[in-house]
Amino acid sequence: MDINSVKAQISADLSSVNSAAQLEEFKLKHLSRKGTLSQLTAVIPTLPAEARAQFGQEVNALKNSVASLVAEKEINLTAAAGRDKAEQDYDIGMPGIAQELGRLHPITQTIDEISSIFTRMGFCIVEGPEIETEFNNFTGLNIPLEHPSRDAFDTFYLKDYEKLLLRSHTSPVQVRAMKSRKPPLAIVVPGRVYRPDAVDASHLFMFHQIEGFMVDRKITFADLKGLLELFAKAVFGSDIKMRFRPHFFPFTEPSAEVDISCIICKGTGCSVCGRKGWLEILGCGMIHPNVFRHVGIDPEKFSGFAFGMGIERIAMLKYGINDIRLFFENDLRFLKQF
Amino acid sequence: MKVTYNWLKDFVDIKIAPDDLAERLTMAGLEVVELEKRGSDFVFEIEVTSNRPDWLSVIGIAREVAAITKSKLINRKPGAQFKIKKAKEEKLEIRIENKKDCPLYTAKIIRGVKVGPSPEWLKSRLELVGCRSVNNIVDITNYVLFETGEPLHAFDLDRLSGYSISVRRAKAGESILTIDGEKRMLSPEILVIADERRPVAIAGIMGGKDTEVGEGTSNILLEAAVFDPVLVRRARQGLGLQSESAYRFERSVDPSVVGLASLEAAELIGKLTPGNVVLAKSAGSPRVTKKTINFDCGQAQRILGAAISPARIKAILLALGFRVNSGGKTKFSVKVPSHRRDVALAVDLIEEVARIYGYERIPPSLPSVKPQAVARSILDAVTLIKNILIGLGLNEAITYSMVERDLNSGLGPEERARAVEIRNPLSREQEVLRTGLLPSLVGCAGFNLNQKQDYVNLFEVACKFYATDKGPKEELCLGILLCGRKSLVLDQGMVKDEAGFLHLKGIAENLFSRLGIKEPAYSAEKEIIRVRVSGVEAGFMLKLSQALRERFDIKNRDVFVAEISLEKILPFLNLKRQFVAPPKYPVISRDISLLLQESLRIDEVFKAMRTAGGELLKDLKVADFYKGKQVPEGWRGLTISCIYRSDERTLTEAEVYPVHARVSAVLSEKFGAKIR
């Protein structure tokens, strides 16, 4: 038996071993009691004495090297088998396993987004009660009690409480905050408001507003324009156009309504903007001197601006929601989209 | 307010196209919501803000067009060739009961009119602005109303009793059949025009059917007057009766226009029918106080943040009909015309200047905000709470604060407070403020289950409202609802997790732990589990009774709800944390399997075990739990893991042995547990 041809045979056989079964076969053929290596050992006594030692050493070396190769092969095969086993254990196409994350209501997300734009600019958030006095809701804001300007603020009154009502806007918090704090003021106020409006796809008797105002010695209408431009671009994208239209609010003078170029049609006219190319998003103006007088701030020394917007309207525009009632149905298929 | 391009052109020379004009008007505060081509004319629909009654007339808008297009207003003076053919036998007395209710009343008697259809030009103009043509006389009064903003009324003179007209409050019990065919009950809050017998018109709102001008009318009394805006508003609201006339009176009309409007109408009547004015009378004289305002260009710049030249400011004010007397280079004294009752302060003038100058020409700038250190607010805590809850997989709901009256009861402890009611609810579904958040949440669950959702997990943070001796109170609360089952496909197959009280408790425990609120206590009392924090009643959990479920149309599903008052728990909020080093030494864990009576609470058992285990017993866990055949009735099987560890050294088995023996002994000795 030629040791070199055995060596070659073993190496060829081992390299073709690809499974545990084949390795067993290999062991049987070469390492068993009747295997090729044993046969080689059996040859030793038949050799001339001077050749025995060298041949013996060569056979031993071969045995050792085969043993280590087999061990290596075994490790490789086990690892490979391990991989196969793991792959058979799961189907990566199955849904993953995790605690499903809950979602914040889209109204909350919109309020958070808007307030954080202002808080990053240095505004602070203040809240106020939903049950308000007639004074804070109207008189303090320069809205006469019996005047058509009140028609825009149709209001729910409370039974059994003469002068109490559900606030019809967040502006009463202006009165509260300006009474209890001293300028400089930079405040945003989110919250629920109530108006007895007939319900349809864009009107509800309860909705949310966010109000902002700033009072200091040198606040101008130009500042209001600049600030709201930053705000609108942060919410609706830097490519929008904006316009300030003169308007009337009893609590601001001068007053304006702010339109942005329609985010759907980019200003060319579509059903969302009523073919006008513009979307009204908020009302604003310079705080009326009468409002300052009611809260004890001297309008000769201080000036300020205020703005307010409907959260639902902003969220509807942002997400393309076409019916305001969806916000309050709390359909999980709706809530889980945000 | 609708106005046409050609009608405007009667009063102002317009050099720009209708769509340009619409844009310019919009940007000056007269928002054109619709522009429509009708034949050879264009109709502008303008949204007029409540402060500008002067814009409720063609002339008023023409004045604005002149100012924004820098064009001249064409001043038409009616009555130039007008003569009264006074007849001696004509008699009329006007009595005004209270000058405050009616500062001015004018009447013209016109005899010999021939009532018939209006000429085409008149019909078409009225129709373009949305007014139906009736007959020539009525059409003329409407035409003048739209043109001047002063509402007029024509009575059939021969149907009036006697020779006097009085403007007085209606008497209790009086009524009138108005032109729209409705019988209206009157009251002393309502101002009427009356002849010697009865009310013939509701002042400023609508005339009576009896004295209406119709085919047979040949003599008329033409009324032009000023009525108190608040009185007209109240009567209009009380009667639920809106009219073009009331719309203008409640916004207040310009008294200086009354005479001109009456003249113009009389003149038109003379032109279109053979009628002659035979008597003109008036009573009252409105006190028109001409306001003067000091205007400072420096103040305008301080408010607007833009420098507009004094010359331009002056030109704008003049164009709008203000009279400007220079008191200096940058200071003017400005006289307010009678049609601008809305202008009272310098800021009103500043707005006028900015409006015509163009808001778009004021360059934007940025204010300097002075940073303010603000203490953590309730809102921060609420945001944290919401984020904890969504992390636990709950979805935030927002529901209405108002509910149906009977939905307020039965969903919480019976001592629930009295509800605050809405005086003017829209419907029965929103007639009271909710005294708890749960009815609305259960409603949402019903809705979602109907949409075939298997698992509904919602929360809401909002106020509940109730009446107290000191008035209505609002209290910020958290409502949680769990219902249905979650299915999870794990290695071992599908696992169903059915919502229950312990799920609610798990949410509460996580919440309190993250908020640093210590040792909340949960105690079962009847059907309700009460939650207390430091001894303060903070909320409750309950499973909806079948009756309640049925009310919300929920079938075959258990619904678990919790309400926690944030107002009650937030005082215990503690977000300060003191670092504790992770343990250095290993634990020794010992399991105990036992049978425990079902009536015993595990947390009580744990408490006793902790006392027995002392310092070394670091933790106790329920490792297994079983009921069923192997366990006797009234008992449950449990495996409890006891975790022992020392903070100072590695514990030995020998050290743990006596401690664990004591801990185990408590179970059998104190609670009669059977150790297995």
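If only residues of region B:276-319 that are basic (Lys, Arg) and closer than 26 Å to residue B:73 by Cα are counted, the one that is surrounded by the fewest Cβ atoms within 10 Å (Cβ to Cβ) is B:290. Go through the residues of region B:207-214 one by one and say whether even a single one is at pLDDT 95 or above, surrounded by 24 or more Cβ atoms within 10 Å (Cβ to Cβ) and within 30 Å of residue B:63 (Cβ to Cβ). Yes: one or more hits. From the list B:517, B:529, the lone residue that is part of a strand (DSSP E or B), β-branched (Val, Ile, Thr), away from chain A (no Cβ under 12 Å) and without any contact (Cβ under 8 Å) to a residue 60 or more places away in the chain is B:529.
Among the candidates B:633, B:615, B:655, B:648, single out the residue that is surrounded by 12 or more Cβ atoms within 10 Å (Cβ to Cβ) and of a type outside the set (A, V, I, L, M).
Working: B:633 fails: surrounded by 12 or more Cβ atoms within 10 Å (Cβ to Cβ); B:615 fails: surrounded by 12 or more Cβ atoms within 10 Å (Cβ to Cβ); B:648 fails: surrounded by 12 or more Cβ atoms within 10 Å (Cβ to Cβ).
Step by step, each of B:633, B:615, B:655, B:648 is checked, and only B:655 is surrounded by 12 or more Cβ atoms within 10 Å (Cβ to Cβ) and of a type outside the set (A, V, I, L, M).
State which residue is farthest from residue A:162 (Cα to Cα) when the search covers only region B:443-460 and only residues that are in contact with an Asp or Glu (Cβ under 8 Å, 6 or more places away or on another chain) and in contact (Cβ under 8 Å) with a residue 12 or more places away in the chain. For region B:443-460, the residue satisfying everything is B:450.
Test residue B:562 against the stated conditions and say whether it is free of Cβ contacts under 8 Å to residues at least 40 places away in the same chain and among the hydrophobic types (A, V, I, L, M, F, W, C). Against the criterion (free of Cβ contacts under 8 Å to residues at least 40 places away in the same chain and among the hydrophobic types (A, V, I, L, M, F, W, C)), residue B:562 does not qualify. Criterion applied to A:37, A:28, A:77, A:47 was being more than 14 Å from every other protein chain (Cβ to nearest Cβ) and modelled with pLDDT of 85 or more, and the one residue passing it is A:28. Scan region B:50-62 and give yes if some residue there is within 14 Å of another protein chain (Cβ to nearest Cβ), among the acidic types (Asp, Glu) and part of a strand (DSSP E or B), otherwise no. No, region B:50-62 contains no residue that is within 14 Å of another protein chain (Cβ to nearest Cβ), among the acidic types (Asp, Glu) and part of a strand (DSSP E or B). Scan region A:250-292 for residues that are more than 31 Å from the chain's Cα centre (by Cα), more than 9 Å from chain B (Cβ to nearest Cβ) and among the hydrophobic types (A, V, I, L, M, F, W, C) and the total you get is 4. None of A:306, A:201, A:222 is farther than 24 Å from residue B:20 by Cα and at pLDDT below 95 except A:201.
Quickly run through region B:347-366 and pick out the residues that are crowded, with 17+ Cβ neighbours inside 10 Å and either under 30 Å from the mean Cα position of the chain (by Cα) or among the hydroxyl-bearing types (Ser, Thr, Tyr) (or both). B:347, B:348, B:349, B:350, B:351, B:352, B:354, B:355, B:357, B:359, listed by residue number. Go through (1) over 30 Å from residue B:386 (Cβ atoms); (2) touching a residue at least 40 places away in the same chain (Cβ under 8 Å); (3) outside the structural domain of residue B:639 (by TED's automatic domain parsing) for residue B:577 and report which single condition fails. Of everything listed in (1) over 30 Å from residue B:386 (Cβ atoms); (2) touching a residue at least 40 places away in the same chain (Cβ under 8 Å); (3) outside the structural domain of residue B:639 (by TED's automatic domain parsing), residue B:577 misses just condition (1). Region B:224-300 holds helices (runs of 4 or more DSSP H) entirely within its bounds, and those carrying 3 or more residues that are within 12 Å of chain A (Cβ to nearest Cβ) map to B:229-239, B:244-249. The set of residues in region B:462-483 that are part of a strand (DSSP E or B) and either out of contact with any helix residue (DSSP H, G or I) (no Cβ under 7 Å at 6 or more places or on another chain) or loosely packed, with under 12 Cβ neighbours inside 10 Å (or both) comprises B:462, B:463, B:464, B:465, B:466, B:467, B:468, B:471, B:472, B:473, B:474. Would you say residue B:369 is under 30 Å from residue A:229 (Cβ atoms), more than 9 Å from chain A (Cβ to nearest Cβ) and part of a loop (DSSP other than H, G, I, E, B)? Against the criterion (under 30 Å from residue A:229 (Cβ atoms), more than 9 Å from chain A (Cβ to nearest Cβ) and part of a loop (DSSP other than H, G, I, E, B)), residue B:369 does not qualify. From the list B:246, B:194, which residue is modelled with pLDDT of 95 or more, crowded, with 22+ Cβ neighbours inside 10 Å and farther than 21 Å from residue B:132 by Cα? The unique qualifying residue is B:194. Those strands (runs of 3 or more DSSP E) of region A:110-208 in which at least 2 residues are touching a residue at least 24 places away in the same chain (Cβ under 8 Å), at the interface with another protein chain (Cβ under 9 Å from one of its Cβ atoms) and in contact with a Gly (Cβ under 9 Å, 6 or more places away or on another chain), considering only elements entirely within it, cover A:185-194. Taken together, B:397, B:354 contain a single residue that is within 26 Å of residue A:312 (Cβ to Cβ), among the small types (Gly, Ala, Ser), in contact (Cβ under 8 Å) with a residue 24 or more places away in the chain and at the interface with chain A (Cβ under 7 Å from one of its Cβ atoms), which is B:397.
Among residues of region B:17-46 being touching a residue at least 60 places away in the same chain (Cβ under 8 Å) and crowded, with 16+ Cβ neighbours inside 10 Å, the one that is farthest from the chain's Cα centre (by Cα) is B:41. In this entry, residue A:244 passes the filter for residues that are closer than 21 Å to residue B:347 by Cβ, facing chain B (nearest Cβ under 8 Å) and among the aromatic types (Phe, Trp, Tyr).
One residue stands out in region A:306-327 among those that are surrounded by fewer than 19 Cβ atoms within 10 Å (Cβ to Cβ) and part of a helix (DSSP H, G or I): the one that is farthest from the other protein chains (Cβ to nearest Cβ), namely A:318. The residues of region A:95-109 that are surrounded by fewer than 19 Cβ atoms within 10 Å (Cβ to Cβ) and either outside any loop (DSSP other than H, G, I, E, B) or more than 9 Å from chain B (Cβ to nearest Cβ) (or both), listed by number, are A:96, A:98, A:109.
Pairing residues of region A:223-234 that are surrounded by fewer than 23 Cβ atoms within 10 Å (Cβ to Cβ) with residues that are in a helix (DSSP H, G or I), at Cβ distances under 6 Å and at least 6 apart in sequence or on separate chains, gives A:231/A:117; A:234/A:117. At pLDDT 95 or above, closer than 20 Å to residue B:602 by Cα and either touching a Cys at 6+ places or on another chain (Cβ under 6 Å) or crowded, with 20+ Cβ neighbours inside 10 Å (or both): is that true of residue B:507 in this structure? Considered against the rule, which asks whether it is at pLDDT 95 or above, closer than 20 Å to residue B:602 by Cα and either touching a Cys at 6+ places or on another chain (Cβ under 6 Å) or crowded, with 20+ Cβ neighbours inside 10 Å (or both), residue B:507 comes out as yes. Taking first residues from region B:595-611 that are assigned by TED's automatic domain parsing to the domain that holds residue B:625 and partners that are surrounded by fewer than 12 Cβ atoms within 10 Å (Cβ to Cβ) and of a type outside the set (A, V, I, L, M), the Cβ contacts under 6 Å between residues at least 6 apart in sequence or on separate chains come to B:598/B:634.
Every test in (1) more than 8 Å from chain A (Cβ to nearest Cβ); (2) small (Gly, Ala, Ser); (3) closer than 25 Å to residue B:466 by Cα; (4) in contact with a Phe, Trp or Tyr (Cβ under 9 Å, 6 or more places away or on another chain) is passed by residue B:346 save one, and that test is (3). Every condition in (1) facing another protein chain (nearest Cβ under 9 Å); (2) more than 30 Å from residue B:379 (Cα to Cα) is met by residue B:492 except one, and the failing one is (1).
The values are calculated or read from the model by the stated rules, or taken from the named source; none is laboratory data. Computed from a predicted structure; not experimentally measured. Glycine gets a Cβ as well: all are built from the backbone with ideal geometry, and neighbour counts include every protein chain shown.
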